[in-house]
1. Look at SER16 and say whether it is under 17 Å from the mean Cα position of the chain (by Cα) and closer than 21 Å to ILE82 by Cα.
2. For region 28-60: of the residues being crowded, with 16+ Cβ neighbours inside 10 Å and of a type in the set (Gly, Ala, Ser), which is farthest from GLY93 (Cα to Cα)?
3. Search region 78-103 for residues that are closer than 18 Å to LEU26 by Cβ and pair each with any residue that is in a helix (DSSP H, G or I) and among the aromatic types (Phe, Trp, Tyr) when their beta-carbon atoms are under 9 Å apart and the residues are at least 6 apart or on different chains.
4. Please go through (1) modelled with pLDDT of 95 or more; (2) surrounded by 11 or more Cβ atoms within 10 Å (Cβ to Cβ) for CYS76 and return the number of the only condition it doesn't satisfy.
5. Quick one: count up the residues across region 60-77 that are out of contact with any Phe, Trp or Tyr (no Cβ under 9 Å at 6 or more places or on another chain), aliphatic (A, V, I, L, M) and touching a residue at least 24 places away in the same chain (Cβ under 8 Å).
Amino acid sequence: MSILIILIGLYGVINSPNLIKKVMCLSLVESMVILQFLGVGFRPDGGAPILNQGMETFVDPIPQALMLTAIVIGVCFNALAIALIVKLYRQRGTVDVRELHDL
């Protein structure tokens, strides 16, 4: 299911002329990739490796730590992209890529 949402997000990034919609679709793709990575590291019968003694299966904490870092980087990227789009809108009066290309 998340592969389908990733493809929808990529379609939006490629076909949308609006820069804000492109950032939103890119954020959607990023979120689904993060969910995919977290799904790989999940074990339904596993526990935390430091809290449960005597357990045989543990959840791998590395994908969780990496995805937490990816979330922080994604939020920073989205904030910077929206700030640049707002600045561009104030200077040019549009966020449409087709109109910006003509300028």
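1. Details: under 17 Å from the mean Cα position of the chain (by Cα): no; closer than 21 Å to ILE82 by Cα: yes.
Considered against the rule, which asks whether it is under 17 Å from the mean Cα position of the chain (by Cα) and closer than 21 Å to ILE82 by Cα, SER16 comes out as no.
2. My answer is GLY41.
3. Pairs found: VAL95/TYR89.
4. With respect to (1) modelled with pLDDT of 95 or more; (2) surrounded by 11 or more Cβ atoms within 10 Å (Cβ to Cβ), CYS76 is out only on (2).
5. 1
A quick yes/no check of all residues on (1) free of Cβ contacts under 8 Å to residues at least 24 places away in the same chain; (2) among the polar types (S, T, N, Q); (3) more than 25 Å from HIS101 (Cα to Cα):
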position	(1), (2), (3)
ILE5	no, no, yes
ILE8	yes, no, no
VAL13	yes, no, no
LYS21	yes, no, no
MET24	yes, no, no
SER27	no, yes, no
LEU38	no, no, yes
GLY41	yes, no, yes
ILE50	yes, no, yes
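The values are calculated or read from the model by the stated rules, or taken from the named source; none is laboratory data. Since this is a predicted model, take the numbers as computed values, not measurements. Virtual Cβ from ideal backbone geometry, glycine too; neighbours counted across all protein chains shown.
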